[in-house]
Amino acid sequence: MERRTIGAAALEVGAVGLGCMPMSWAYTTSQQRGDRSLRAVHAALDAGSTLLDTADMYGPFTNELLIGRVLKERRADAFVSTKCGLLVGDQHIVANGRPGYVRRACDASLRRLQTDVIDLYQLHRADPEVPVEETWGAMAELVTAGKVRALGLCAVGARAARRGDARGLYDGTIRQLERVQQVFPVSAVQAELSVWSPEALARLLPWCEARGVGFLAAMPLGNGYLTGTLTPGGGFEPDDPRARHPRFTAEMMAANQPLVAGLRRVAARHGEDVTPAQVALAWVLARGRHVVPVPGTKRERWAVENARAASLELTAEDRAEIAGLPAPRGSWD
């Protein structure tokens, strides 16, 4: 099974990670069942997806509790990534980057995850009321204390900038990265990257590559759209964020079908068992040895299918066809 290395800390992970958020946060909550999610996590680990990506806000807290049930049995098989910095209220989410809170949040995550160390601790969002260097310094203390092995940062400000120049899309994140690098090394950056959201290729991914920083590709399947399993106009449950997302109106889903059709054509060239989702993940994997896609799922079948994308090699013809696909229309308007 192919392995990849996360950042200067040289932490080894499987080529494809597992995003655990859908198991207990957003996305068709009526389908969120603990027993099925547990099977999905075990299946992912069996298939080589060692990186389990969660956060204390997912649930909140219930996602880490679920992962903790797996880690109690299989800690040696997993690379654990969780996040701090966001608090969930009844109708709002706020950032908290105060050092005291970061320390308490880490201890609470360790208890829920049933482990004595977190492999990658990520800052979900910087607190505008606290200098990011202070927050990062508190996180660095956790590494010194042996509670955390490496630190990561989640990208910010992408959505607000999408109508402008893609090259400036992640300027805010890069400024944060350059500030915190002066305090303690960044091992990984997590940001959206997929066939229909390639903006990170312009500046953020090269920034990471030049500094030996790992890149966790969030939403590599376009929130499920690139799997080809969603029907335009099919609708979503009211509490599913896609029900209110401009990408997932019936009009925009129909307009962007050429993307899925192109992935299907590529998949067909590799055999009837290859799926559009695997092609989309293979495209992300081909962006560099430091890139690890983290598709989210709560089903065993998809977890295994996603992990197997690591063995799919895209040909020059495949890459040319994907590069020639039309740009997504109206995704963020």
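A compact table of results
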read-out: Accessible area per residue in Å² at 1.4 Å probe, computed on the chain; value: 42
read-out: Estimated Rh, the chain: Kirkwood, alpha-carbon pairs, angstrom; value: 20.0
read-out: Lys, Arg +1 and Asp, Glu -1 on Cβ, resulting dipole of region 61-213 about Cα centre, debye, nearest 20; value: 220
read-out: Inter-probe distance in nm under a simple model that places probes 7 Å from Cα toward Cβ, at E2 and R301; value: 2.5
read-out: Region 197-223 and region 93-153: distance between their alpha carbon centers, rounded to Å; value: 22
read-out: Dipole of the chain, positive direction: furthest Cα of P220, L52, A9, with charges on the beta-carbon; value: L52
read-out: Accessible area of W196 in the full protein assembly, 1.4 Å probe (Å², nearest 10); value: 10
read-out: Cβ crowding within 10 Å averaged over residues, with 16-23, 111-118, 90-97, 70-77 ranked highest first; value: 16-23, 111-118, 70-77, 90-97
read-out: Packing rank of 49-62, 202-215, where each peptide gets the mean count of other beta carbons within 10 Å, highest leading; value: 49-62, 202-215
read-out: Extension gain, R69 back to E12 (0.36 nm per residue minus Cα-Cα distance, nm); value: 18.3 nm
read-out: A202 paired with E178, simple spin-label distance in nm, labels 7 Å along Cα-to-beta-carbon; value: 1.7
read-out: Difference of contour (0.36 nm per residue) and Cα-Cα distance, R211 to Q257; value: 12.9 nm
read-out: Share of carbon and sulfur in the accessible heavy-atom surface of the chain [1.4 Å probe, %]; value: 50
read-out: Net charge dipole size for the chain [Lys, Arg +1 and Asp, Glu -1 on Cβ; Debye, nearest 20]; value: 100
read-out: Extension reserve of the Q114-R289 stretch, reckoned as 0.36 nm per residue once the Cα distance is removed; value: 59.9 nm
read-out: Cα-based shape type of region 33-75, given that a ≥ b ≥ c are square roots of the gyration tensor eigenvalues and the cut on a/c is 1.5; value: prolate
read-out: Simple spin-label estimate for R265 and R39 in nanometres, 7 Å along Cα-Cβ; value: 3.7
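The values are calculated or read from the model by the stated rules, or taken from the named source; none is laboratory data. Everything numeric in this text was worked out from a predicted model, so none of it was measured. With ideal geometry, Cβ positions are generated from the backbone for all residues, glycine too; neighbour counts draw on all protein chains shown. SASA here: full protein model, heavy atoms, side chains in, ligands and nucleic acids out. Shrake-Rupley method; radii C 1.70, N 1.55, O 1.52, S 1.80 Å.
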